[in-house]
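Report on the following structure.
The values are calculated or read from the model by the stated rules, or taken from the named source; none is laboratory data. Everything quoted here is computed from the prediction, not taken from an experiment. Cβ sites come from the backbone with ideal geometry, for glycine too, and all protein chains shown count toward neighbours.
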Amino acid sequence: MKKSSKENLQLGAVIGGILGLIINGSEQLGNENSQQKFDFQSFVLAGTVGAVIGLTSASVLNLIISIFSTRKQIIDEADEISYLVGAIGSYKPDEIDKEVLIKGRKVKSALKYKFKNDILGNVSYQGSVKQGTAISGLSDLDIRIQFKKTSFPSESKMYNAVYNFFKYQFKDTDLKGVRKQKVSIGLIYKIDGYEEIIDIVPALRTDFVRGKNDYTLFKNPDLCEGSWKLKMNPKKQEEFGAYQNDKINIIKLFKLLKTEVELPLKSILLKEFTKKAFENNSSIPNGLKGRLLMTLNFIRDNIETINIKAPDNVSISLTDSLTIKEKKSIKVKIDRVISDLKEDRSNILEYFPKKH
């Protein structure tokens with residue numbers, strides 16, 4: 001039955017308002033300034049303006065209806081964007097995370113005092129916590145301590161000095177063990193009945209060139225093959241390029257998906273795949289879901305053939321760490337995820353669950 005002009009105006013107001021919210025929300029989430037807070041006042045204002053435009057402009061209404069055939073379709077799209085953002089937001093630090101951060105501050109303070117004459121800059125967080133991609137319950141706390149080139153005669157002596165400090169001198173009643181790992185030292189805590197790990201990464205400056213930021217890590221020969229040291233550059237590891245906020249959100253969503261479907265993808269490889277997906281797509285979709293699907297498609301289509309290098313060390317292939325069988329499994333699983341999301345919108349709740 002043909003709609004009355006009143007019904008069309010009401011539909012226009014609803015659709016215009018929702019479009020305003022979607023566009024404003026997408027623009028804010030895509031803002032390159034990762035420190036900028038979400039402006040809810042601007043968000044609500046955009047929805048109001050959109051409603052007014054939809055209410056008063058028949059031409060705008062016709063354009064909207066030509067893009068979205070039904071009100072349900074556009075509301076569903078808005079719901080998906082809202083759900084994905086909400087899923088990410090639900091993994092805020094809990095009490096265990098806060099306790100781990102308190103331990104982390106204590107560890108940083110102890111390192112600064114113990115090695116105050118040997119360090120460069122501040123003892124700092126690195127990895128997911130530093131880059132903003134940490135997910136509560138799924139991410140460890142990494143702490144990097146950078147030493148001057150003249151602090152130690154070798155990377156092994158640097159590594160053992162830090163290990164011995166925590167093994168024999170550092171005191172904390174919740175610290176239950178100290179272990180040597182591939183390039184880091186693991187501090188094993190027992191907090192409220194949970195085992196939590198803080199990883200300490202000692203790095204030795206390679207030269208005296210100011211601002212170059214090149215360091216080497218010690219590779220534990222008992223756990224690693226090849227060379228006994230590993231080149232790294234913290235600045236290059238932390239770079240995201242354009243669309244930084246969207247990339248951060250997509251990486252967080254991938255961490256949820258990784259747990260749900262058991263994808264053998266390390267965080268650093270998830271990040272580099274996400275960066276490559278944006279770099280290799282000439283037309284970036286609008287909205288978080290569109291960009292998430294773009295990244296999923298890129299991984300599925302390229303996982304078996306692409307060679308992704310470490311951002312700070314071209315001699316290291318991150319994709320070579322995966323076996324042929326693992327790559328095939330990742331392709332099959334992601335293809336299933338894409339199909340399920342296209343087939344039924346509600347599958348988004350299963351693959352990207354909120355924290356309860």
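This table checks each residue for (1) in contact with a strand residue (DSSP E or B) (Cβ under 7 Å, 6 or more places away or on another chain); (2) within 14 Å of LYS103 (Cβ to Cβ); (3) not assigned by TED's automatic domain parsing to the domain that holds PRO264.
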{"residue": "GLN146", "(1), (2), (3)": "yes, no, yes"}
{"residue": "THR150", "(1), (2), (3)": "no, no, yes"}
{"residue": "GLU155", "(1), (2), (3)": "yes, no, yes"}
{"residue": "TYR189", "(1), (2), (3)": "yes, yes, yes"}
So LYS309 fits all but one of (1) in contact with a Ser or Thr (Cβ under 8 Å, 6 or more places away or on another chain); (2) surrounded by 17 or more Cβ atoms within 10 Å (Cβ to Cβ); what number is the exception?
(2)
Note down all Cβ pairs under 7 Å where the first residue falls in the stretch 114-130 and is aliphatic (A, V, I, L, M), the second is crowded, with 17+ Cβ neighbours inside 10 Å and in a helix (DSSP H, G or I), and they're at least six residues apart or on different chains.
VAL123/LYS108; VAL123/LEU111
Is there a residue being out of contact with any Cys (no Cβ under 7 Å at 6 or more places or on another chain) and closer than 25 Å to GLU238 by Cα anywhere in the stretch 165-179?
no
Test: residue in the stretch 319-339 that is under 17 Å from the mean Cα position of the chain (by Cα), assigned to a helix (DSSP H, G or I) and not assigned by TED's automatic domain parsing to the domain that holds SER139
no
Which listed residue, of LEU263, LEU270, LEU253, is within 24 Å of the chain's Cα centre (by Cα), in a loop (DSSP other than H, G, I, E, B), outside the structural domain of ILE119 (by TED's automatic domain parsing) and over 19 Å from ARG144 (Cα atoms)
LEU263
Residue check for ILE306: under 28 Å from PRO234 (Cα atoms) and not in a helix (DSSP H, G or I):
yes
Within the stretch 271-301, count every residue that is surrounded by fewer than 18 Cβ atoms within 10 Å (Cβ to Cβ) and either of a type in the set (Gly, Ala, Ser) or touching a Phe, Trp or Tyr at 6+ places or on another chain (Cβ under 9 Å) (or both).
7
Report, by residue number, each residue of the stretch 174-190 that is closer than 30 Å to GLY226 by Cβ and of a type in the set (A, V, I, L, M, F, W, C).
VAL178, VAL183, ILE185, LEU187, ILE188
Which strands (runs of 3 or more DSSP E) sit wholly inside the stretch 127-238 and have at least 1 residues that are loosely packed, with under 14 Cβ neighbours inside 10 Å?
175-180, 185-191, 194-205
Subset of the stretch 137-170 that is more than 32 Å from the chain's Cα centre (by Cα) and aromatic (Phe, Trp, Tyr) - its residue that is farthest from VAL183 (Cα to Cα)
TYR168
Residues located in the stretch 320-349, provided they are touching a helix residue (DSSP H, G or I) at 6+ places or on another chain (Cβ under 7 Å) and not aliphatic (A, V, I, L, M):
LYS331, LYS333, ASP335, ASP340, ARG345, ASN347
